[in-house]
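Single-structure report; data block below.
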Amino acid sequence: MKSEMHRKAFLSIRHLLHECGYTDFDLLYDEYGKPHLINGQHISISHSFQFTTVIVSDKKVGVDVEKQRSKIKKIASKFTPIEEYKQLGEEDLIRKLTIVWGAKEALYKLYGKQGLLFLHDIFVFDFDFNAFTTSATVTYHEKKTDYLLHFFDVEDFICVYAIEP
């Protein structure tokens, strides 16, 4: 942990764990780096710049927090059909892409299967910003699962989470 940002993220995760009633000793990581709690509860962790989030549930859960940046346009074609967003203005485009990316990250964490492809295996349905929810389908080994995702803004960041149906 050479960077100050990385050290702060590490400490903020530990602080949030404490707020949820856990310590480092309650947290284990599997061979893929996915966190697990020893009491059987499910956990997901995310951090981006100065924001960190932790979500704990009795069902499988995934969370992602992302800073809204124009840089996302450069990678958009790797995770979503970008041509579907051409009618949006610049600010709305960045916000929508950040929500879609966050939704796919959250579902990837929830699903916990290696080999899941953002572009081909996770489909996020179109949504209205004011609904603060969207739905998505994950297709893995020909099995389709539908999910409801929730999102909200915090300053220039988007937080997206999903809980197993």
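Values in this text are rule-based calculations from the coordinates and carry no lab data. All of these numbers come straight from a predicted model, not from anything done at the bench. Virtual Cβ from ideal backbone geometry, glycine too; neighbours counted across all protein chains shown.
For this structure, a couple of remarks:
- Region 42-75 and region 139-164 have Cα centres lying 10 Å from one another.
- Relative to the dominant Cα principal axis of the chain, helix 4-19 is inclined by about 70°.
- Rounded to the nearest Hz, the phi-derived 3J(HN,Hα) couplings of region 87-95 under the Karplus curve 6.51 cos²θ - 1.76 cosθ + 1.60 (θ = phi - 60°) are 7, 7, x, 4, 5, 5, 4, 5, 5, where x marks glycine and proline.
- Distance violations [Cα-Cα > 21 Å] among Lys8/Lys104; Lys34/Lys104; Lys34/Lys73: Lys8/Lys104; Lys34/Lys73
- The peptide list 35-46, 123-134, put in order of mean Cβ contacts within 10 Å with the highest first, becomes 35-46, 123-134.
- The rule of thumb for compact globular proteins, 2.2 N^0.38 Å, goes into the C-alpha radius of gyration of region 92-141 1.14 times.
- Region 81-165 - convex hull of the alpha-carbon atoms, volume per residue in Å³: 94
- Result for the chain in a Gaussian network model with C-alpha springs under 10 Å: among Leu117, Leu88, Leu149, the largest mean-square fluctuation is at Leu88.
- Value of [θ]222 nm, deg cm²/dmol, for the chain, DSSP H segments ≥ 4, -39500 (n - 2.57) each, nearest 500: -8500 deg cm²/dmol
- The label-point distance for Glu4 and Asp92, in a model that sets each label 7 Å from Cα toward Cβ, rounds to 3.9 nm.
- Taking a straight line from the alpha carbon of Lys59, these aspartates and glutamates sit under 12 Å away, with near neighbours fewer than eight places off in the same chain left out: Glu164.
- With the convex hull of the Cα atoms taken as the outline of the chain, the averaged projected area works out to 10.4 nm².
- Calculated FRET efficiency for the pair Phe25/Ser70, C-beta based, R₀ 45 Å, to 0.05: 0.60
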